[in-house]
Each structure stands twice: as structure tokens, then as C-alpha cells.
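Notes follow once the structure below has been shown.
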Amino acid sequence: MGLDYIRSQTGKPWRKRWDRGLDRLKAPSLFNLRVSETARTVTAELTVGCDVNAGDTLIVQSCSDGLTVSDGLSAIGRVANPSLELITAVRDDGGYAEGVIQRVGLFGDTAEISVK
């Protein structure tokens, strides 16, 4: 009851059924997977000795050379190469944005931050 059953019931080999299947998946339909809010996830380089965990809420701040990441009043890292879209979005929101740590790197020197 697996691939042999499917092939016997459909009359055609299963592979031929996927002819142009990728094109059909890319075509617009009623159930498009489009997210209304832009998901922005960046990798921040953390300073040595800072203690952060996944799920922590941080402040992402616009500065002259990109973005800095702060935990309260202390700066704990920076985003090395932020996209222009992210920089303008943070600056348009007053220069500050909320960030949530999704993952911390194995050595604790980087973190993936989801910016809202």
C-alpha cells in the first residue's frame, strides 16, 4: 500500500504526474503563502562576556555605522551588515526597534535576532 498502489490506481507512473508540477506550485492561487508583515531576521555579533538566551527581548538602535543591539542601557552587540531596508525601517520608527533573540551561536559570539 504505497507507491505500487498509487501507480496501479492512476494508470501513469507517479513521476510523469509531476510534469510541470513545479510551475503549478509557483503559479498564484487562492492559498498563496504571503506574509503581510516583513520578517526581518539579522545576525548580530555579540560582545565578549554578555549573557543572552533565546527568547530575550532586546533593543535594536540605529547608529551612524549601522545598527547596535542593547539590553537595557548596555550595548551588547552590533549588526555587521544590515540591509538598507532594515536600516530605513528602524530609522523611520524613531531610531529604535524591538528585537527578540531566536538563536544564540554555539560559541556565544553571534545571535539571530528577529526585528519587529
List the residues whose amide H sits under 5 Å from the amide H of G105, counting only those 5 or more places along or on another chain, with H placed 1.01 Å from N in the peptide plane. T110, A111, E112
Apply the Karplus curve 6.51 cos²θ - 1.76 cosθ + 1.60, θ = phi - 60°, to the phi angles in the range 81-95 and return the couplings in whole Hz, x for Gly and Pro. 10, x, 6, 5, 4, 5, 4, 5, 5, 5, 5, 5, 8, x, x
What residues have an amide H closer than 5 Å to that of I76, excluding those fewer than 5 places away on the same chain, when H is modeled at 1.01 Å from N in the peptide plane? V69, S70, D71
Antiparallel content of DSSP bridges confined to the range 67-116, in %, to 5: 100 percent
Spelling out what I want: for every residue of the range 99-116, take phi, set θ = phi - 60°, compute 6.51 cos²θ - 1.76 cosθ + 1.60 (Karplus), and round to whole Hz; glycine and proline get x. x, 10, 6, 8, 8, 10, x, 4, 9, x, 9, 9, 8, 8, 10, 8, 9, 9
Efficiency of FRET from Cβ geometry, D23 and D65, R₀ 35 Å, rounded to 0.05: 0.20
Could you sort the peptides 67-73, 45-51 by per-residue average Cβ neighbour count (10 Å cutoff), highest mean leading? 67-73, 45-51
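Read-outs throughout are calculated quantities, based only on the coordinates presented, and are distinct from any laboratory measurement. Just so it is clear, the structure is predicted and the values come from calculations on it, not from any experiment. A quick note on method: Cβ atoms are made from the backbone with ideal geometry, for glycine too, and the neighbour counts reach across all protein chains shown.
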